[in-house]
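Engineer: Input: one structure, supplied below.
The values are calculated or read from the model by the stated rules, or taken from the named source; none is laboratory data. Small disclaimer: the values here were computed from a predicted structure and weren't measured. Glycine gets a Cβ as well: all are built from the backbone with ideal geometry, and neighbour counts include every protein chain shown.
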Amino acid sequence: MCGVREIFVRLLLSGAAQFVMIHNHPSGDDSPSSMDCQATQRLIEAGKLMGIPMVDSIIIGDVGHFSIREEGMARFED
């Protein structure tokens, strides 16, 4: 996974107004790990500071996906 700084450099250079983080797990399991939850929270906070809100964090699995926003596992700005 890229670091927060690298993510925001790319967001700023592209002129993004908001963003969604999407990734997969090599195991094919779409359940969020504790690291996924921690990274999501760091990116939400960084997005607030930078004025580029994070809209969702989605994990793609072999047979589906998991939306941290839809499951209420983090507080995203509306």
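Engineer: Does Gly72 satisfy the condition of being modelled with pLDDT under 95 and more than 25 Å from Gly15 (Cα to Cα)?
Structural biologist: Values: modelled with pLDDT under 95: yes; more than 25 Å from Gly15 (Cα to Cα): yes.
Criteria met by Gly72.
Engineer: Quick one: in segment 1-18, which of the residues that are without any contact (Cβ under 8 Å) to a residue 24 or more places away in the chain and among the hydrophobic types (A, V, I, L, M, F, W, C) is farthest from Phe66 (Cα to Cα)? I'd like the intermediate steps shown before the answer.
Structural biologist: Taking segment 1-18 as the starting set, the residues that turn out to be without any contact (Cβ under 8 Å) to a residue 24 or more places away in the chain are 2-3, 5-6, 9-10, 13-15.
Those still in the list that are among the hydrophobic types (A, V, I, L, M, F, W, C) too: 2, 9, 13.
Details: Cys2: 20, Val9: 26, Leu13: 28 Å.
My answer is Leu13.
Engineer: Quick one: would you say Gln41 is touching a strand residue (DSSP E or B) at 6+ places or on another chain (Cβ under 6 Å) and either surrounded by 11 or more Cβ atoms within 10 Å (Cβ to Cβ) or within 16 Å of Glu70 (Cα to Cα) (or both)? If you could, list the steps in order and put the result at the bottom.
Structural biologist: Numbers: touching a strand residue (DSSP E or B) at 6+ places or on another chain (Cβ under 6 Å): no; either surrounded by 11 or more Cβ atoms within 10 Å (Cβ to Cβ) or within 16 Å of Glu70 (Cα to Cα) (or both): yes.
Taking the combined requirement at face value, the residue does not satisfy it.
Engineer: Scanning segment 25-40 for residues that are charged (D, E, K, R) and assigned to a loop (DSSP other than H, G, I, E, B), which turns out farthest from Gly72 (Cα to Cα)? Talk me through it step by step, then tell me what you get.
Structural biologist: Pass one, segment 25-40, residues charged (D, E, K, R): 29-30, 36.
Adding the requirement that they be assigned to a loop (DSSP other than H, G, I, E, B) leaves 29-30.
Numbers: Asp29: 19, Asp30: 15 Å.
Among them, the one singled out is Asp29.
Engineer: Additional query: Among the numbered criteria (1) of a type outside the set (Asp, Glu); (2) in contact (Cβ under 8 Å) with a residue 40 or more places away in the chain; (3) in contact with a helix residue (DSSP H, G or I) (Cβ under 7 Å, 6 or more places away or on another chain), which one does Met21 miss?
Structural biologist: For Met21, the failing item is (2).
Engineer: Hey, among the residues in segment 44-76 that are under 19 Å from Ile7 (Cα atoms), without any contact (Cβ under 8 Å) to a residue 40 or more places away in the chain and in contact with a Phe, Trp or Tyr (Cβ under 8 Å, 6 or more places away or on another chain), which one's surrounded by the most Cβ atoms within 10 Å (Cβ to Cβ)?
Structural biologist: Met54
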